[in-house]
Amino acid sequence: MDDIKQSMREILQAESRAILGIPVTDAYEKAVEAIVEHVHHRRGKLVTSGMGKAGQIAMNIATTFSSTGTAAVNLHPSEAQHGDLGVIQPDDIILLISNSGKTREILELVDLLQRLYDNHVPVIVITGNPDSPLARLADIALFTAPVPEVCPLGLTPTTSTTMMTVIGDVLVVSVMKRIGFSREEYAKRHHGGYLGSEARKSDKTVVA
């Protein structure tokens with residue numbers, strides 16, 4: 001048990017350091033402005049995508065955005081090649097996630113996007129590799145900290161997915177603040193469960 005406790009402390013410390021090491025750049029302001037412009041002004045939507053564990057993070061980001069007033073869907077990059085690319089409309093904005101920035105299916109998705117419409121569909125990228133092909137193709141790039149995975153093999157996505165999730169949270173909360181998303185609006189999107197009942201209480205506080 002002591003070994004597990006010590007391991008837990010080391011993992012918590014390592015992942016905490018990784019989160020604090022995420023570069024805080026002007027790119028976040030640009031990403032928030034772009035999402036607000038395309039979703040709330042042009043009436044497009046945010047389309048997220050990633051493969052494997054990154055794909056699960058992308059789906060979580062999409063559902064969290066949707067529940068907080070910013071229309072978003074998740075697109076599986078492989079299914080995009082078999083017709084699902086049609087979900088993307090000209091005023092949409094794309095958020096792609098790949099730790100390596102070299103994921104074949106994601107790079108292929110960018111290529112498909114570039115051929116879909118005459119007008120450019122902007123791409124935001126979350127990656128751990130600033131020198132990757134995906135980072136170079138991005139309109140806006142958000143980077144994780146250059147730290148190893150806490151997995152003892154150094155392979156399993158662990159620390160990297162934690163940082164991706166946190167970056168997604170930063171985007172969601174920042175957009176909520178920018179659009180003045182209220183408890184009342186939250187309640188309209190949550191009709192069941194504990195969160196729904198909490199949101200329908202009398203407090204109509206706007207996120208500030």
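Of the peptides 44-54, 110-120, 60-70, 141-151, the order by per-residue mean of other Cβ atoms within 10 Å, starting with the highest, comes out as 44-54, 60-70, 141-151, 110-120. Exposure check, 1.4 Å probe, all protein chains in place: residue 185 carries approximately 60 Å² of accessible surface. Spin-label model, residue 136 to residue 10: label points 7 Å out along the Cα-to-beta-carbon direction sit 3.8 nm apart. Extension gain, residue 178 to residue 40: 0.36 nm times the residue separation minus the Cα-Cα distance gives 48.6 nm. Label positions at residue 63 and residue 20, each projected 7 Å from the Cα along the C-beta direction, are separated by 3.2 nm.
If the Kirkwood radius is taken over C-alpha pairs of the chain, then at 10 °C and 1.306 mPa s the Stokes-Einstein diffusion coefficient equals 88 µm²/s. Beta bridges assigned by DSSP with both partners in the chain are antiparallel in approximately 5 percent of cases. Between rounded, prolate and oblate, where does segment 111-176 land on the alpha carbon gyration tensor, with a ≥ b ≥ c its root eigenvalues, rounded for a/c under 1.5, else prolate if a/b exceeds b/c? Oblate, since a/c reaches 1.5 and b/c is not below a/b.
The values are calculated or read from the model by the stated rules, or taken from the named source; none is laboratory data. Quick caveat, the model's predicted, so the values are computed rather than measured. Counting neighbours? That spans all protein chains shown, and the Cβs are built from the backbone with ideal geometry, glycine included. With ligands, DNA and RNA removed, areas are computed over all heavy atoms of the protein, side chains included. Shrake-Rupley method; radii C 1.70, N 1.55, O 1.52, S 1.80 Å.
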